[in-house]
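K.L.:
I have a structure I would like to understand better, so I am pasting it below and will then ask my questions one at a time.
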């Protein structure tokens, strides 16, 4: 992710349009390193979130409400004292840095008009929110940085504020062709690195994007560029800078498998065929990106134990299945031993004592064969020995066949749980999956004094087709069984990815004939909510619910059907409406 100078420039432009001349109505500090300012402007109320979190520095307009502490922290009280009722007269970004400065006019205790600056630095672990005088004297900051913590600068009340300049970088808005061609592209570095190490606010992502637009490999040395390639790269850079100067931004998020992967304020073409979604607002991009990212990250963390248990069980069961298949393979020679025994009984009457082999005609194939013998045994005993081998392998084959079916069913069940973990979006989804693992003995149920059962609140996904038909998608095996055998009626339609773990999809037909577009959309849902969601196309089986059967004693979600229809479809559900 790149909260770089370009994104900050977009944020500043957006905040300037919305908040300039606005008055600060409320100030809250819900977290130790986070502020929320409520600002009224042009009869509208805005909430501005400023976070100096070391792991997730952010600033955007939000509608989110957060719980505030009972006692406001000292920094929050100080801001309330000085800035409550203050008017925002300017919002700027110094030198394309990852810094936003708010200039605020307010009345002091004597009623005189004064100006203060509230600056947020969005610099990873060095992020901070600093309150200062117009002469850059620090009044206070949300994080105090002493000389013991940083040798570059102190951020303490009474210190002089300055933006740390630890690298020799230039403001890209003030560069020219000569500097770009003769200074930037003369560095003995890869092209991409030469660009992002030369300019403020240009991240490695933007450097890569510029090279991609100019059809230049960012990893080659600047010495490998021709004069024409250098000029073309500069012209690409120049158009990019003109867009920033003219506030021509394109906020967008790049998705990989529906997971937000990257965002920027310029269209990202360097990710090729990955899905890109544009937004009207960079604040909406930031709120959407981090909300989705946090949800996915949080669920991934909470499901890590379940994933480990399921992964271990899958590995163990797969090894057991492979061993059983090998045992069946080894029993294929059982018929040979049976034939050996029969042929010895047929031709062994004239064998000499101590013979090591019997050469005879195999009357099953009309071919001459040689049967090894134990010279210490009689022909009758050799025959019995081969029949014993045959019977042993036959028993092994019959037992292994049954075990292979059982083990394959267990493996399919575990794979289906793994697929359900991939689509889990809430803790309630994980609760139901954990309950399934407990019921089938993969997790031991904890004995508690309370006899109250775990409450399940997870519900299937609910979509509406473009033709108005309701479609339901099971999130796990219990829900698959519920929507297939309880929610669906006989004439409703059932969809599932062919031969791979995935969700059941039910389309409620309400006694009507489904249009082709609804069949396609239901197929897309079945493809997306399966292990094949990363494939270009997935084969989908579909059939009316009345033809679906559940075998006796089968695990939840396991069904059988015959004479189904099939379609090949892309796992793309971006145009299907979900009902929340």
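The values are calculated or read from the model by the stated rules, or taken from the named source; none is laboratory data. Fair warning: this is a prediction, and the values are worked out from it, not measured in the lab. Please note: Cβ atoms are built from the backbone with ideal geometry, for glycine as well, and neighbour counts cover all protein chains shown.
One line per residue, one yes/no per condition, for (1) free of Cβ contacts under 8 Å to residues at least 60 places away in the same chain; (2) surrounded by 12 or more Cβ atoms within 10 Å (Cβ to Cβ); (3) part of a helix (DSSP H, G or I):
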residue: 309; (1), (2), (3): no, yes, yes
residue: 335; (1), (2), (3): yes, yes, yes
residue: 342; (1), (2), (3): yes, yes, yes
residue: 348; (1), (2), (3): yes, yes, yes
residue: 361; (1), (2), (3): yes, yes, no
residue: 385; (1), (2), (3): yes, yes, yes
residue: 388; (1), (2), (3): yes, yes, yes
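K.L.:
Going through segment 197-255 one residue at a time, which ones are within 32 Å of the chain's Cα centre (by Cα), without any contact (Cβ under 8 Å) to a residue 24 or more places away in the chain and in a loop (DSSP other than H, G, I, E, B)?
P.N.:
214, 215, 248
K.L.:
When you scan segment 48-60, do you find a residue that is surrounded by fewer than 16 Cβ atoms within 10 Å (Cβ to Cβ) and within 25 Å of residue 248 (Cα to Cα), even just one? Step through it out loud before you land on a result.
P.N.:
Quick first cut of segment 48-60, residues surrounded by fewer than 16 Cβ atoms within 10 Å (Cβ to Cβ) only: 53-55.
Next, from what is left, pick out any that are within 25 Å of residue 248 (Cα to Cα): none.
No, every residue in segment 48-60 fails to be surrounded by fewer than 16 Cβ atoms within 10 Å (Cβ to Cβ) and within 25 Å of residue 248 (Cα to Cα).
K.L.:
Is one or more of the residues making up segment 84-105 over 20 Å from residue 29 (Cβ atoms), part of a loop (DSSP other than H, G, I, E, B) and at pLDDT 95 or above? Talk me through it step by step, then tell me what you get.
P.N.:
Taking segment 84-105 and keeping what is over 20 Å from residue 29 (Cβ atoms), we get 87, 89-99, 103, 105.
Narrowing further to those that are part of a loop (DSSP other than H, G, I, E, B): 93, 97-98.
Subsequent filtering for residues that are at pLDDT 95 or above retains 93.
Checking segment 84-105: at least one residue is over 20 Å from residue 29 (Cβ atoms), part of a loop (DSSP other than H, G, I, E, B) and at pLDDT 95 or above.
K.L.:
Given the residues 36, 27, 104, which is the only one that is in contact (Cβ under 8 Å) with a residue 60 or more places away in the chain and not assigned by TED's automatic domain parsing to the domain that holds residue 202? First the steps, then the outcome.
P.N.:
On the way: 36 fails: in contact (Cβ under 8 Å) with a residue 60 or more places away in the chain; 27 fails: in contact (Cβ under 8 Å) with a residue 60 or more places away in the chain.
After applying the criteria, what remains is 104.
K.L.:
Applying the selection to segment 492-506, what residues are more than 12 Å from residue 540 (Cβ to Cβ) and either at pLDDT 95 or above or not in a loop (DSSP other than H, G, I, E, B) (or both)?
P.N.:
Taking segment 492-506 and keeping what is more than 12 Å from residue 540 (Cβ to Cβ), we get 492, 501, 506.
Of everything in segment 492-506, those that are more than 12 Å from residue 540 (Cβ to Cβ) and either at pLDDT 95 or above or not in a loop (DSSP other than H, G, I, E, B) (or both) turn out to be 492, 506.
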